[in-house]
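Reading through the structure tokens given below for one structure.
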Amino acid sequence: MRLTTKGRFAVTAMIDLALRQHNGPVTLAGISQRQKISLSYLEQLFGRLRRHELVESTRGPGGGYTLGKTMVDISVADIIYAVDEPLDATQCGGKENCDNDQRCMTHDLWSNLNRVMVDYLDSVTLHDLVEQQKQRMAQQGVNVTVLHDNRRDGERRSSHSGSKEQVSVG
């Protein structure tokens, strides 16, 4: 079992988006350039993220993507599931048929690992990852303005949603 490039790239792109959406919609071309992820691959990932309402798209000049929910309401598990990344350590995909159509001797081990892994990824939010990245950037002396998303559940994005914070070190 391992997390594939699809899941890693989706999480990375979502962090990039969350860090930069305070200036308006973020282009996939910008994410592609900063994160060294192919534009066509990002288009596929963001199509899936949009269908799962984790991002919203804006068309036309100045268009791009913004988060579809608050950072606190998006877990790493949400992102990984949205891009169809399987999180399963069992050989049988949970069907209990990996040993001649029978449950193998280690099924419970791998099944329990799945549960722990999903619980962990569900406990880590996009907000957590953005805060970690902001701290790393501050330690490196990088200036970054990010949006603190103060929307309550169910509110839609408006030009006044959230407050800005300047991180300046050095």
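The values are calculated or read from the model by the stated rules, or taken from the named source; none is laboratory data. Since the structure is predicted, the reported quantities are computational estimates derived from the model, not experimental observations. No Cβ is skipped: glycine too gets one built from the backbone with ideal geometry, and neighbour counts run over all protein chains shown. Surface areas here come from the heavy atoms of the whole protein model, side chains and all, with no ligands, DNA or RNA. Shrake-Rupley method; radii C 1.70, N 1.55, O 1.52, S 1.80 Å.
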Which ones in segment 124-143 are over 17 Å from I80 (Cα atoms) and not in a helix (DSSP H, G or I)? Q140, G141, V142, N143
Conditions first: (1) part of a loop (DSSP other than H, G, I, E, B); (2) in contact with a Phe, Trp or Tyr (Cβ under 9 Å, 6 or more places away or on another chain); (3) basic (K, R). K6 passes all but one, so which condition is the exception? (1)
Pairs, first closer than 24 Å to M14 by Cα and among the polar types (S, T, N, Q) in segment 107-127, second assigned to a helix (DSSP H, G or I) and open to solvent by 70 Å² or more (accessible area, probe 1.4 Å), C-beta under 9 Å, six or more apart: T125/V72
For segment 40-75, name all the residues that are over 12 Å from A18 (Cα atoms), of a type in the set (A, V, I, L, M) and either modelled with pLDDT under 95 or assigned to a strand (DSSP E or B) (or both). none
If I filter segment 77-111 down to residues being in contact with a His (Cβ under 8 Å, 6 or more places away or on another chain) and outside any loop (DSSP other than H, G, I, E, B), which single residue comes out as least open to solvent (accessible area, probe 1.4 Å)? A82
Extreme residue, modelled with the lowest pLDDT, among residues of segment 112-151 that are more than 20 Å from the chain's Cα centre (by Cα) and open to solvent by 90 Å² or more (accessible area, probe 1.4 Å): N143
What are the pairs with Cβ atoms under 7 angstrom where one residue, in segment 14-29, is under 11 Å from T66 (Cβ atoms) and the other, located anywhere, is in a helix (DSSP H, G or I)? Sequence gap at least six, or different chains. L17/I31; A18/M71; A18/L126; A18/V130; V26/L17; V26/R20
Within segment 36-50, restricting to residues that are over 14 Å from the mean Cα position of the chain (by Cα) and in contact (Cβ under 8 Å) with a residue 24 or more places away in the chain, the one that is nearest to L126 (Cα to Cα) is I37
Looking at (1) surrounded by fewer than 18 Cβ atoms within 10 Å (Cβ to Cβ); (2) under 15 Å from the mean Cα position of the chain (by Cα), which is the one condition that is false for T66? (1)
